[in-house]
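Worksheet: the structure to be examined is printed underneath.
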Amino acid sequence: MHGPLDPAVAERAEERARLARWRLYAGAAMAATLAATVGLYAVEPPRAWWLDLAHAAAKAGFVGAVADWFAVNALFRYPFGRWTGIGGLIPREKQRLAGGMGRFVARQFFTPDSIRRAVEGVDVAAAAARWLADPVAARRAAAALAPFVPRLLDALAEGRAQTV
């Protein structure tokens, strides 16, 4: 059960707040480029070269922002509704994409040589000791392992641990 002081709930709320902030920043930047684009049309020619440069940059920024917004939304949602058929690529194809990504990672990154190179010289005991030296990490580990201790002790008492 998750209480109000549950760290996972607090972390998710913090992530949502951070996402909302970044959405606000992105929307403000998009609005600023639109305002600059429209506003600079009001300056009558001949204009100073730097105003033409600012106008071109504002237009490019706005067009890029709209294109990025559409692309990201089209991956996950249907920006113009399901009736267009445009969008929702990731939800629609997630199984196929996940399988392909899994095969790619397995073939390219988890070769026997790459795994051997990654674990050579790693002192797992020292890393665990450093991690458990942190009181917060030690409390989390204890909370995660506590439910298994009675079953482990029963297995040891009955001799089942010797057959594993």
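Structural remarks
- Filtering ILE115, ILE90 for residues that are in a helix (DSSP H, G or I), closer than 26 Å to ALA8 by Cβ and β-branched (Val, Ile, Thr) leaves a single hit, ILE90.
- Failed criterion for LEU132 (all others in (1) part of a helix (DSSP H, G or I); (2) at pLDDT 85 or above; (3) surrounded by fewer than 11 Cβ atoms within 10 Å (Cβ to Cβ); (4) not aromatic (Phe, Trp, Tyr) hold): (3)
- Candidates are the residues of segment 8-64 that are among the acidic types (Asp, Glu) and more than 30 Å from VAL136 (Cα to Cα); the one that is nearest to the chain's Cα centre (by Cα) is ASP52.
This table checks each residue for (1) over 30 Å from ALA8 (Cβ atoms); (2) free of Cβ contacts under 8 Å to residues at least 40 places away in the same chain; (3) outside the structural domain of ALA8 (by TED's automatic domain parsing); (4) more than 28 Å from the chain's Cα centre (by Cα).
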site	(1), (2), (3), (4)
THR111	yes, yes, yes, no
ALA129	no, yes, yes, yes
LEU132	no, yes, yes, no
ALA138	no, yes, yes, no
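- When ARG140, ARG107, ARG96 are screened for being part of a helix (DSSP H, G or I), out of contact with any Gly (no Cβ under 7 Å at 6 or more places or on another chain), surrounded by 10 or more Cβ atoms within 10 Å (Cβ to Cβ) and among the basic types (Lys, Arg), only ARG140 passes.
- Among the candidates GLY27, GLY39, GLY81, GLY61, the residue that is outside the structural domain of ALA143 (by TED's automatic domain parsing) and on the phi > 0 side of the Ramachandran plot is uniquely GLY81.
- All conditions in (1) loosely packed, with under 10 Cβ neighbours inside 10 Å; (2) within 27 Å of the chain's Cα centre (by Cα) hold for VAL122, with the sole exception of (2).
- Screening ARG160, ARG116, ARG139 for residues that are of a type outside the set (Phe, Trp, Tyr) and modelled with pLDDT of 90 or more leaves exactly one candidate, ARG139.
The values are calculated or read from the model by the stated rules, or taken from the named source; none is laboratory data. From a predicted model like this one, the values you see are computed outputs, not experimental measurements. In this analysis, Cβ positions are derived from the backbone assuming ideal geometry, glycine residues included, and neighbour counts consider all displayed protein chains.
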